[in-house]
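Readers should treat all values here as calculations from the given coordinates under stated rules, not as data from a laboratory. As the structure is a computational prediction, the values presented were derived from the model and not from experiment. Note that each Cβ is placed from the backbone with ideal geometry, even for glycine, and that neighbours are counted across all protein chains shown.
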């Protein structure tokens with residue numbers, strides 16, 4: 001697809017693993033018309049470098065001094081640095097994705113320097129202001145000039161907030177093409193699973209990293225304890241935040257019943273997802289990926305901004321506690337569940353979201 005935007009490149013701002021994953025198809029499609037900027041919100045190799053490499057995209061500009069800083073420091077530094085970048089090499093527009101600190105800072109820096117903001121994955125709402133991500137979503141929504149809503153529910157949220165109809169585009173979610181494009185074939189997936197001694201269809205894949213679960217020792221112990229009661233081997237790629245929390249709370253012994261591995265690359269993670277019997281996570285992205293891979297998911301969170309996954313029947317929202325083990329064992333023992341999920345359409349689109357987003361931005365920029 002050829003981009004015919006106004007003079008100047010389109011800046012695409014990323015800073016975390018999900019942003020890299022979800023915007024990679026769009027960045028590749030933009031080609032020379034796009035300029036990728038990495039804020040460094042996740043700058044360690046485990047959480048960013050491997051994802052750039054696997055996605056086949058190169059970071060053209062990277063900020064420093066962001067990762068590990070307190071949230072208010074992150075925001076201030078990113079806005080300052082991004083504003084300077086935008087002024088020095090002025091783009092035609094700035095694309096931000098989702099609900100991260102990077103997305104909020106990118107939208108603010110663009111708006112303050114007089115640049116149009118395109119928000120990818122716009123309109124998600126948990127209606128839970130205790131979530132930092134919810135604040136970020138609302139801030140970006142106020143500043144965005146073009147809202148790319150992934151689902152009708154997201155579009156309805158924007159309309160309820162009086163966003164003009166002509167500023168909303170229903171595009172689908174780029175996670176569909178990102179997942180399908182990165183998913184290894186069956187043979188390669190089985191080889192990856194074998195590396196971790198995971199038998200296809202006979203293990204659980206879990207990820208836990210959100211502050212609401214890791215900052216509270218009672219919640220974290222409850223989650224990890226219940227994972228150990230599921231009756232199948234549990235593969236747990238340990239997020240750096242969770243690793244530190246386990247040490248801080250003295251919960252190392254709770255990991256003894258789990259198969260703990262280092263964080264894995266996106267392709268490896270998708271391969272493991274595709275072969276797992278059950279997924280357990282507090283991740284937003286996994287709530288979407290499970291609908292593409294047709295896998296059951298237990299979402300361990302207070303609230304979710306992705307009700308579509310639950311309404312479709314793929315995901316189940318629960319609080320830390322015995323319900324994790326009870327529901328998990330029920331889903332594992334349901335021999336007809338896999339066939340039922342295969343028949344359910346993915347609620348996040350047809351895999352052409354990136355193409356639609358670029359076409360909408362092209363029309364918007366004239």
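Please work out the Cα center distance from region 287-366 to region 249-264, rounded to the nearest Å.
So the separation of the two Cα centres works out to 26 Å.
Measure nothing but the geometry: give the 0 to 90° angle between the long axis through the Cα atoms of 284-293 and the longest principal axis through the Cα atoms of the chain, rounded to 10°.
Between helix and principal axis, roughly 70 degrees.
Full-extension gain between residue 259 and residue 342, please, as 0.36 nm times their residue separation minus the C-alpha to C-alpha distance.
Gain in length upon complete extension: 27.1 nm.
Can you give the alpha-carbon Rg of region 285-334 over 2.2 N^0.38 Å, where N counts its residues?
1.08
For the chain, what is the mean residue ellipticity at 222 nm derived from helices alone (per DSSP H run of n ≥ 4: -39500 (n - 2.57); sum divided by total residues; nearest 500 deg cm²/dmol)?
Values: 17 runs with 171 residues, N = 366.
Calculated mean residue ellipticity at 222 nm is -13500 deg cm²/dmol.
Give the whole-number value, in cubic angstrom per residue, of the convex hull volume spanned by the C-alpha atoms of region 250-330.
Dividing the Cα hull volume of region 250-330 by its residue count gives 117 Å³.
Only bridges whose two residues both fall in region 185-342 count here: according to DSSP, what percent of them are antiparallel, nearest 5?
Antiparallel: roughly 0 percent of the beta bridges in region 185-342.
Just to be sure I understand: of the beta bridges DSSP finds with both ends in the chain, what percent are antiparallel, rounded to 5?
Of all bridge pairs located within the chain, approximately 0 percent are antiparallel.
Counting pairs of alpha carbon atoms under 8 Å apart in space and at least six apart in sequence, what relative contact order in percent does the chain give?
It comes to 17 percent, rounded to a whole number.
Would you mind calculating the gained length between residue 138 and residue 194 on full extension (0.36 nm times residue separation, minus the Cα-Cα distance), in nm to one decimal?
Here the answer is 15.9 nm.
Determine which residues of region 264-278 fall in the zone a paramagnetic label at residue 202 would reach in this model, i.e. backbone nitrogen under 13 Å from the point 7 Å along Cα→Cβ.
277
Taking each pair of distinct Cα atoms in region 309-366 once, what is the resulting Kirkwood hydrodynamic radius in Å?
About 14.7 Å, per the Kirkwood formula over Cα pairs.
Using a basic spin-label model with each label point 7 Å from the Cα along Cα→Cβ, how many nm lie between residue 84 and residue 180?
4.3 nm
Calculate, for residue 312 and residue 159, the FRET efficiency according to 1/(1 + (r/R0)^6) with r their C-beta to C-beta distance and R0 22 Å; round to the nearest 0.05.
0.50
Using Cβ counts within 10 Å as a stand-in for footprinting exposure, how do 78, 131 rank, fewest first?
Neighbour counts put them in this order, fewest first: 131, 78.
Given a cut-off of under 8 Å on Cα pairs at least six residues apart, what relative contact order in percent is computed for region 157-308?
RCO, region 157-308: 30 percent.
Among 168, 261, 332, determine the one that fluctuates most according to a GNM of the chain built with springs between C-alpha atoms less than 10 Å apart.
Looking only at 168, 261, 332, the biggest GNM fluctuation is shown by 261.
To the nearest 10 degrees, how steep is helix 71-88 against the longest Cα principal axis of the chain, on a 0 to 90 scale?
Around 40 degrees separate the two axes.
How far, in degrees from 0 to 90, does helix 186-195 lean away from the longest principal axis of the Cα atoms of the chain, to the nearest 10?
Here the helix axis deviates by roughly 60 degrees.
Once you treat every alpha carbon in region 185-342 as an equal point and sum by Debye, what is log10 I(q)/I(0) at q = 0.13, 0.15 Å⁻¹?
Treating every Cα as an identical point scatterer, log10 I(q)/I(0) equals -0.54, -0.74.
Pull out the extension gain between residue 352 and residue 241, defined as 0.36 nm times the separation in residues minus the alpha carbon to alpha carbon distance; nm, one decimal.
36.6 nm
Take residue 71 and residue 167, extend 7 Å from each Cα along the Cα→Cβ direction, and tell me the distance between the two endpoints in nm.
Calculated label separation equals 2.5 nm.
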